[in-house]
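Let me begin by presenting the structure, written as structure tokens, before commenting on it.
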Amino acid sequence: MTYILSIETATKNCSVSLSLNGDTISTREVSEEGYSHAEKLHVFIEEVLKEVQIDFSKLSAVAVSQGPGSYTGLRIGVSAAKGICYALNIPLIAIDTLEVLARKLSIDKGVIVPMIDARRMECYTAVFSSDFVLKREIKSEIITEDSFSDIDEIIHFVGDGAAKCKEVLKDKKFVYHDDSIFPSSKQMGALAFEKYKKSDTVNVAYFEPFYLKDFMITTSSAK
């Protein structure tokens with residue numbers, strides 16, 4: 001039996017799931033404006049293990065959402081995942097955050113564009129086929145009226161970054177899914193299990209989140 005703990009903290013959603021052979025069997029998550037990840041993450045980890053009545057020693061691996069996303073959120077999630085893996089001497093699996101978000105949708109036609117808010121009119125985006133094959137690389141882009149003009153298919157937007165596009169991207173080819181705005185660890189179990197079977201893991205000591213952009217520190221102009 002392969003138990004994998006999945007941690008998703010790249011956005012406002014602090015999410016933890018436990019999967020068995022790729023099937024998610026327990027989840028705890030909360031989305032709050034104040035980013036309560038540091039307070040909630042370890043509590044959620046303990047709760048999902050307790051619900052299934054197993055202890056840490058039964059874990060085969062830990063999967064973590066690697067970004068892009070919130071700098072602070074990613075640091076908290078990756079630090080927790082690395083700590084557990086190091087203590088138990090088990091593998092660490094890194095999952096692309098935008099693919100986790102894309103997998104919240106199930107479509108027959110068109111492409112999926114997961115969008116994570118990166119302030120103002122900028123978003124972290126990628127383009128996936130209906131069967132989740134990456135068709136355009138992950139990047140940070142400023143949304144304009146010309147965004148995605150090279151794609152002739154129906155485009156399904158998902159994520160908290162999609163809301164800022166509604167006033168700019170109004171063509172009928174754009175479909176907005178407002179009920180799925182944050183990535184969740186629920187979608188990580190199957191992905192993590194497939195990577196685990198192929199030994200597709202990362203180095204616990206040296207792994208760093210995929211920030212995509214440098215961390216920006218703003219200072220007050222008040223004196």
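The values are calculated or read from the model by the stated rules, or taken from the named source; none is laboratory data. These numbers come from a predicted model, not from an experiment. Note that we place each Cβ from the backbone using ideal geometry, even for glycine, and neighbour counts take in every protein chain shown.
Could you go through the range 32-47 and let me know if any residue there is under 18 Å from Phe182 (Cβ atoms), touching a helix residue (DSSP H, G or I) at 6+ places or on another chain (Cβ under 6 Å), part of a strand (DSSP E or B) and not assigned by TED's automatic domain parsing to the domain that holds Phe132. Before you say what the answer is, go through the steps one by one.
Residues of the range 32-47 that are under 18 Å from Phe182 (Cβ atoms), as a first pass: 32-41, 44.
Cutting the leftovers down to touching a helix residue (DSSP H, G or I) at 6+ places or on another chain (Cβ under 6 Å) gives us 37-38, 41.
Next, only the ones that are part of a strand (DSSP E or B) stay: none.
Within the range 32-47 (the criterion being under 18 Å from Phe182 (Cβ atoms), touching a helix residue (DSSP H, G or I) at 6+ places or on another chain (Cβ under 6 Å), part of a strand (DSSP E or B) and not assigned by TED's automatic domain parsing to the domain that holds Phe132), the answer is no, since none of the residues qualifies.
Considering the range 48-75 alone, what residues qualify as being part of a helix (DSSP H, G or I), modelled with pLDDT of 95 or more and among the hydroxyl-bearing types (Ser, Thr, Tyr)?
Ser57
Do you know which residues across the range 180-209 are in a loop (DSSP other than H, G, I, E, B), among the charged types (D, E, K, R) and within 16 Å of the chain's Cα centre (by Cα)?
Going through the range 180-209, the residues in a loop (DSSP other than H, G, I, E, B) turn out to be 180-184, 198-201, 203-209.
Filter once more, keeping what is among the charged types (D, E, K, R): 198, 200, 208.
Glu208, the sole residue that qualifies.
So which residues in the range 1-34 are at pLDDT below 95 and over 15 Å from the mean Cα position of the chain (by Cα), if there are any at all?
Met1, Glu32, Glu33, Gly34
Identify all residues within the range 144-179 that are assigned to a loop (DSSP other than H, G, I, E, B) and either within 20 Å of the chain's Cα centre (by Cα) or not assigned by TED's automatic domain parsing to the domain that holds Arg120 (or both); write none if there are none.
Start the filter on the range 144-179 by keeping residues that are assigned to a loop (DSSP other than H, G, I, E, B), which leaves 144-154, 159-161, 166-173, 178-179.
Gly159, Asp160, Gly161, Asp178, Asp179, listed by residue number.
With the requirement that a residue be farther than 14 Å from Ile76 by Cβ and either crowded, with 17+ Cβ neighbours inside 10 Å or out of contact with any Phe, Trp or Tyr (no Cβ under 9 Å at 6 or more places or on another chain) (or both), what does the range 30-48 give you?
Across the range 30-48, the qualifying residues are Glu33, Glu46, Glu47, Val48.
Which one of His156, His177 is of a type outside the set (Ser, Thr, Tyr) and crowded, with 20+ Cβ neighbours inside 10 Å?
Values: His177 fails: crowded, with 20+ Cβ neighbours inside 10 Å.
Every option except His156 fails the conditions.
Restricting attention to the range 142-153, report how many residues are among the small types (Gly, Ala, Ser) and either closer than 12 Å to Asp178 by Cβ or surrounded by 12 or more Cβ atoms within 10 Å (Cβ to Cβ) (or both). Spell out how you get there, then give the answer.
If we filter the range 142-153 for residues that are among the small types (Gly, Ala, Ser), which is where we start, we get 147, 149.
If we keep only those that are either closer than 12 Å to Asp178 by Cβ or surrounded by 12 or more Cβ atoms within 10 Å (Cβ to Cβ) (or both) as well, we get 147.
Qualifying residue count, the range 142-153: 1.
Among the residues of the range 52-104, which ones are buried (at least 17 other Cβ atoms within 10 Å of the Cβ), of a type in the set (Val, Ile, Thr) and within 27 Å of Asp160 (Cα to Cα)?
Selection gives Val62, Val64, Ile76, Val78, Ile93, Ile95, Thr97, Val100.
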